[in-house]
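Below is one structure, written out as structure tokens, with a few remarks after it.
The values are calculated or read from the model by the stated rules, or taken from the named source; none is laboratory data. Because the structure is a prediction, the values reported are computed rather than measured. Don't worry about glycine lacking a Cβ; one is built from the backbone with ideal geometry, like all the others, and counts go over all protein chains shown.
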Amino acid sequence: MFNVNNVKVQSITTSESSLHPIQLRFTQNYKTQRTWDIIETHDTVRIILFNAIRNKLIILRRFEPSVYFLSIPHEDRKHEIDMIKYPSELGLVLELCGNVLNKTDEKSMMQEAKQTILQATGYNIPTDSLEYISSYKSEVGHKCGENHVLYTEINDEMKVASGGRIGEHEVEIVEMTISEMRKYIQKSLPEMRSTPCFLYTMIWFLNEKYKGC
């Protein structure tokens, strides 16, 4: 899993359907002319999965090309990356189960979340077990989109498949105890490779859903 090699760097005009680069031109304070490059992205759904019987969080590990690229010093971001010096493990991150959304109405979002959970983790959950938590802007710089966060509790009887994939992306299922998660979110790079969304949702979970030791 995560067999990454022959990494090369090149400038592109994106053909990725979920990315829409645009340039915004505007006047600030009635006189200053400004331009701003923006990447419009699809909205996403992220799901906190908690096995309440075994008191374990179900997390995904995956290879993120952008994380890998930004882990390499500028002087070594050449056309072909030295995979011995910079192994693919530098691009591995822990994140919630989730995916881009085709539709953002509540019914469609819940159904897409159910399918993503099944595909990624192999758990077949009832749609009505999904609890809406919050929505927020993914970033406010050059990238814009919305993240929607859901929560559900699972048990081993719901496991009907091996999971391990979201669309074309391979993922690895990681189970973490509450104690392990508390320790993980206190770390920083390079030991902790997760997004602010992940940290926010884990802190929310520990404060709102799991108030044990």
Name, by its number, the condition in (1) closer than 16 Å to residue 57 by Cβ; (2) modelled with pLDDT under 90 that does not hold for residue 190.
-> (1)
Odd one out for residue 109 among (1) crowded, with 17+ Cβ neighbours inside 10 Å; (2) hydrophobic (A, V, I, L, M, F, W, C); (3) closer than 18 Å to residue 51 by Cβ; (4) under 19 Å from the mean Cα position of the chain (by Cα) | (3)
Working carefully through the options 201, 152, find the one that is of a type in the set (Ser, Thr, Tyr) and part of a strand (DSSP E or B).
-> 152
Pick from segment 19-49, criterion hydroxyl-bearing (Ser, Thr, Tyr) and assigned to a strand (DSSP E or B), ranking: modelled with the highest pLDDT | 44
Just a yes or no: is a residue in segment 120-137 part of a helix (DSSP H, G or I), buried (at least 16 other Cβ atoms within 10 Å of the Cβ) and within 16 Å of the chain's Cα centre (by Cα)?
-> yes
In segment 99-132, the residues that are modelled with pLDDT under 95 and of a type in the set (A, V, I, L, M) | 100, 101
Answer yes if at least one residue in segment 70-82 is surrounded by fewer than 17 Cβ atoms within 10 Å (Cβ to Cβ), under 23 Å from residue 139 (Cα atoms) and not hydroxyl-bearing (Ser, Thr, Tyr), and no otherwise.
-> yes
